[in-house]
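Trainee: First, the structure itself, so that you have it in front of you.
Taken together, the values in this text are just the output of simple stated rules run on the coordinates, not laboratory data. Note that the coordinates shown come from a computational prediction; the quantities given were computed from them, not determined experimentally. Positions of Cβ are generated from backbone atoms using ideal geometry, with glycine treated the same way; all protein chains shown enter the neighbour counts.
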Amino acid sequence: MSNIPIEYVLALGYAIFLLAAALLLEAASRYAYRRSLQTSTMGFTYHPERNIWKCPENQHLFPVFTDPFKGSVTYRAHAATCNACHCKPSCTDSSSGREIVHKSTPSLKYGMQHFHRGLSLMLLTLANLILIVEMLRTPGFYPRALLLAVLVLFCAIGMRLFSGLPPGTPQPGMPQQHPNHARF
């Protein structure tokens, strides 16, 4: 084992590093998506059975406008209610009442997922190319067998990530489940 070229070790290490970067990017993507949903409507609760939002002061925001092309619904509280609320300065600066623009979550999630998944798959493809080139360069059965095993593992992970991609961007009018944007 002492006659293994340093290029072999570096190529294998770099391929593993790229896999780790791809998986870290996937985790960061999931975290960013969850965080974007939480921060835009902090303290507000959506009630799908009544199609309303409830603010932390137990007031309701009702749907006032639907844009089927953007897949969004605008919810607004009554201006008089918001203007009389003691929490108004920390909630909104609008004199016409707090608004929440509820966009189709699938479009946000799929867009973010496509972008990050594409980057992850690109890193995995680069790692696979490095492994293939090193397999062609490295003499000996066992070093090649190790590279082949790692390549098969990386391909399996890549196929799993690829199969997890959504089929496409959803069409307007899809059911909306969660908010992703609030406007003050």
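Trainee: Between residue 114 and residue 10, what is 0.36 nm times their sequence separation minus the Cα-Cα distance? Round to one decimal in nm.
Mentor: 34.4 nm
Trainee: Note the direction-averaged projected area, equal to a quarter of the hull surface, for the Cα convex hull of the stretch 40-104, in nm².
Mentor: 4.4
Trainee: Compute the length gained on full extension between residue 28 and residue 74: take 0.36 nm times their separation in residues and subtract their Cα-Cα distance, giving the result in nm to one decimal.
Mentor: So the extension gain works out to 13.7 nm.
Trainee: Rounded to the nearest 20 debye, what is the charge dipole size of the stretch 40-104 about its Cα centre when +1 sits on each Lys and Arg Cβ and -1 on each Asp and Glu Cβ?
Mentor: Result for the stretch 40-104 is approximately 60 debye, rounded to the nearest 20.
Trainee: Quick one: net charge of residue 62's neighbours, Cβ under 10 Å, K/R +1, D/E -1?
Mentor: Net charge around residue 62: +2.
Trainee: What does the C-alpha gyration tensor say about the overall shape of the stretch 16-163? Classify as rounded when a/c is under 1.5, otherwise prolate if a/b is larger than b/c, or oblate.
Mentor: prolate
Trainee: Starting from the Cα of residue 67, step 7 Å along the direction of its Cβ; do the same at residue 45; then give the gap between the two resulting points in nm.
Mentor: Simple spin-label model gives 2.9 nm for this pair.
Trainee: Okay, moving on. Within the set of other residues whose C-beta is less than 15 Å from the C-beta of residue 157, count the net charge using Lys and Arg as +1 and Asp and Glu as -1.
Mentor: Charge balance in the 15 Å sphere: +1.
Trainee: Here's something else I'd like to know. Determine the sum of side-chain charges near residue 6: Lys and Arg each +1, Asp and Glu each -1, restricted to other residues whose C-beta is under 14 angstrom from that of residue 6.
Mentor: Charge balance near residue 6 sits at -1.
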